[in-house]
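Only one structure is covered here, and it is reproduced in the block below.
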Amino acid sequence: MTDPTQAGSNPGANRWRRFADWDERPLRLDRFAVEDPENGFAAFHGAKDPKPGLVMEAGRIASMDGIPLADFDMIDHFIAHHHLDLDLAPTAMAIPSAEIARRLVDIAVPREELARLAHGLTPAKLAEVVAQLSAIELAFAFSKMRTRKMPGNQGHVTNAKDDPLQLAADAATAVAFGFDEVETTMRVARNAWSNALACAVGAAVGRWGTLFQCSSEEAEELQIGMAGFTSYAETVSVYGTERAFTDGDDTPWSKAFLAAAYASRGIKMRCTSGAASELLMGFHESKSLLYLEARCLCLQRAMGVQGTQNGGIDGAPLASTMPGGVRELLAENLIAVWLDLECATGNDARHSESEIRVGAKILPYLIAGSDFICSGMGSILKYDNSFNPSSFNGEEMEDFLVLQRDYEADGGLTSVGEATALDVRKRAIDALAAVFAELDLGAPTEAMKRSVAVASGSNDTESYLPRDVSFISEKIKERGINVLDVIKALAKRGFRVEAQNLLNVVRLRVSGDYLQTAAVVRNGHVVSAVNNPNDYSGPGTGYRVSEARRQELSAIRDVLTREEVLRTEATFAGPEAKLITYKTLGVAAATGPKNEIVIGVSPAFGVKLFRTLAGHALSAVLRALSEGIAAKGGIARIVRMRHTADTSFLGLSAARLAGSGIGIGIQAKGTAVIHQADRLPHHNLELFSNAPITSLAHYRSFGANAATYAKGEMPEPVVVPTEGKAMGARYHAQVALIYAIETSLTADGAKPEDIEIAFLEAH
């Protein structure tokens, strides 16, 4: 019988413990699905995917993708009548799929030619073509085929309390970060009107032109749009099987009617579809994710909507459980832009607990560019995201900003300084409070406003709760308050700039200019696929980051300069002067006793630099080394080197001066080496290469080992465990700047100089 105590003390006895390490990784929280085409778990090749085909008789379709006209479902009928260009289709369908796939990645084939060709292709043909492209080919083809040249981004603005003050503040912050669109939804459905009003006001702070939508029940969402609070809609869902459609009491015609209703009120409109929605609803018909999404996208083009948000959306986590699932999401995005649709490329539903998987998923879109990199980046914290956590949320926004900088790729966002962020948040809160006062909707206290202004998320606020918000929302709805009432309230209470910004967005609905494909508003002008078409045709063409934009992308936090390093070091100079003095004695000679260890310090050591990367005062380091040497019977001599700042040569030069033939070389940042006079420059005895984690105890042991080597003995080398930390990422910029300061003080042929040091305080 197994002793449970023994088993617990050695749980990995019959298992390679690496698996136990992997069990602790976030990835282990993900679960994966086996490929099972019969039951709908197939990304590219479903058990019952039809073969591409089109038979025409007397100018009319007789069968499509192997399905006779008599057996068409309503989706087939809609696609056949409103998507396919029957003059073009016979020619387009006759081109081998491999040839069309090649054209998609051929820079010599214009985008316009391929977009026109897609109008003659059936869903099965579109799916068969893109399925032949690898992941990198899909990304490249997407970059070539996307509709608008300039990329953009969309953000979620929600919170767990439906607090209107926080919504206004977060909307204003999202605008400051550069989102072209912001989208909200509610934890409590009846709070929709309050959410819409709050976000509309917040999105008018700082600049105008950020479009806004409130995701709600379709009829109410349209009412909110007609009241003028929202400027776009994207929640009209379509599906790839008839049962999925009718399960929601919808048809392609009803969805087309709703889309037309939005457009008739000047509201920008796109549909939603995405891989695995039919599987989630149980109506997959044993078809692949890609084929069903190809049907959805043909439907959307046939409906005449401006675009789509696809790429899995809510189904992305399920799609990602399948082999090739993430590649499929990219493939369906490609079909969308190939069909000339504006594309908000998913990346809203977080598909994995693994940050590596999340970062890898978004990269193709970031470097390829997209009309909207995310169809909902969480500009707020994960727990406040009422749509569920996005791929990137408030916690990771700075990571995204750095990715933009890394690749010099425009993801549509710009860093915002702390002062600016706080200013726009306060302004938005005050503006909304003014509207509430003018329209008798509420009277938030100063304490509520202060808590929201500085809050990272709703856990930090002492403001409205969902029940409070319901009364506000009901008032707005019952009294028929519309966007013009809000604009007048803003103006009357002194927020004329915000009133004008909001009015400008409303006026767009009258002109209708932003009903063009892929329309956004930048600097007061509508930019769309019409006046800013993607014209990529090879290197040097298409969207390029301008120098001004490059500077914006580069302006992230924690960017070090040489001046900043010197300013910081200068603050340590005074305290260090109270601990140690350095006196130059003259040119150093090799005349010491047999137990002498020379410590060769770098040019800036104690001159311009005063702390190691671990934060140790250099006086303390010298004391530790000297104490270690003395403990083993050695004598320490300090020599400053100015002919080199390289650690190896500092150590070798020190060794050649030492009576023992053993020297220690040390840079001001703390990197140190034990060297021997007769060894090759980079063949040292011991090296401390991880200065940020080297302790004074390590330096003391280092000195002791140097003295031990001097006696001809072999000590146990001092090992500084790295614990797997990314030292390079944390310190390399600082290290390079420090080393540049060191080398700036070197001089060719400079002789080593003896230094007399005196410790001014007792140990």
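Some points to look at:
- Each part reduced to its alpha carbon centroid, the stretch 484-499 and the stretch 290-319 end up 39 Å apart.
- Sorting 727-738, 505-516, 420-431, 331-342 by average packing, meaning the other beta carbons within 10 Å per residue, from highest down gives 331-342, 420-431, 505-516, 727-738.
- Of all DSSP beta bridges in the chain, antiparallel share, percent nearest 5: 50 percent
- For the chain, the longest principal axis of the alpha carbon atoms and the long axis of helix 397-407 meet at an angle near 80°.
- Restricting the GluC sites (Glu not before Pro) of the stretch 673-724 to loop positions (DSSP other than H, G, I, E, B) with no more than 15 neighbouring Cβ atoms within 10 Å leaves GLU713, GLU723.
- Cα long-axis angle, helix 483-492 against the chain (0 to 90 degrees, to the nearest 10): 50 degrees
- ASP73 versus ARG265: modelled label distance in nm, points set 7 Å from Cα along the beta carbon direction: 3.1 nm
- For the chain, the longest principal axis of the alpha carbon atoms and the long axis of helix 466-478 meet at an angle near 40°.
- Rounded is the label for the stretch 671-763, because the ratio a/c of its alpha-carbon gyration tensor axes (a ≥ b ≥ c) stays below 1.5.
- Prolate/oblate/rounded call for the stretch 317-388, Cα gyration tensor, a/c under 1.5 rounded: oblate
- Entries in LYS361/LYS725; LYS48/LYS144; LYS632/LYS711 that, when Cα-Cα distance is taken, lie over 20 Å: LYS361/LYS725; LYS48/LYS144
- The chain - mean residue ellipticity at 222 nm from DSSP helices (-39,500 (n - 2.57) per run, n ≥ 4, rounded to 500): -13000 deg cm²/dmol
- Based on protein heavy atoms only, the chain ends up with 41 Å² per residue of surface accessible to a 1.4 Å probe.
- Percent carbon-and-sulfur accessible area, the stretch 145-240, ignoring ligands, DNA and RNA, probe 1.4 Å: 54 percent
- Taking the Cα centre of the chain as reference, the dipole from Cβ charges on Lys and Arg (+1) and Asp and Glu (-1) amounts to some 2400 debye.
- Compactness check for the stretch 231-357: Cα Rg over 2.2 N^0.38 Å is 1.01.
- Alpha carbon centroid spacing (whole Å) that separates the stretch 37-52 from the stretch 143-209: 38 Å
- Distance violations [Cα-Cα > 27 Å] among LYS426/LYS475; LYS583/LYS751; LYS449/LYS477; LYS51/LYS149; LYS268/LYS426; LYS578/LYS608: LYS51/LYS149; LYS268/LYS426
- Between ALA518, ASN501, VAL530, the Cα set farthest toward the positive side of the dipole of the stretch 482-579 (charges on each charged residue's Cβ, about the Cα centre) is that of ASN501.
- Taking the centroid of alpha carbons for each part, the stretch 633-688 and the stretch 559-606 are 14 Å apart.
- The stretch 58-145 shape via C-alpha gyration tensor axes, a/c threshold 1.5: prolate
- The chymotrypsin sites (Phe, Trp or Tyr not before Pro) of the stretch 28-75 that meet both conditions, a loop assignment by DSSP and at most 14 other Cβ atoms within 10 Å of the site Cβ, are PHE32.
- For the chain, the percent of C-alpha pairs falling in each 20 Å distance bin, counted from 0 to the bin holding the largest distance, reads 15, 35, 27, 18, 4, 0.
- Accessible surface of the stretch 11-132, 1.4 Å probe, proportion on carbon and sulfur as whole %: 53 percent
The values are calculated or read from the model by the stated rules, or taken from the named source; none is laboratory data. Note that the structure is a prediction, hence the values are computed from the model and not measured. Backbone-built Cβ (ideal geometry, glycine too); neighbour counts: all protein chains shown. When the accessible area is computed, the model is the full protein with side chains, heavy atoms only, and any ligands, DNA or RNA have been set aside. Shrake-Rupley method; radii C 1.70, N 1.55, O 1.52, S 1.80 Å.
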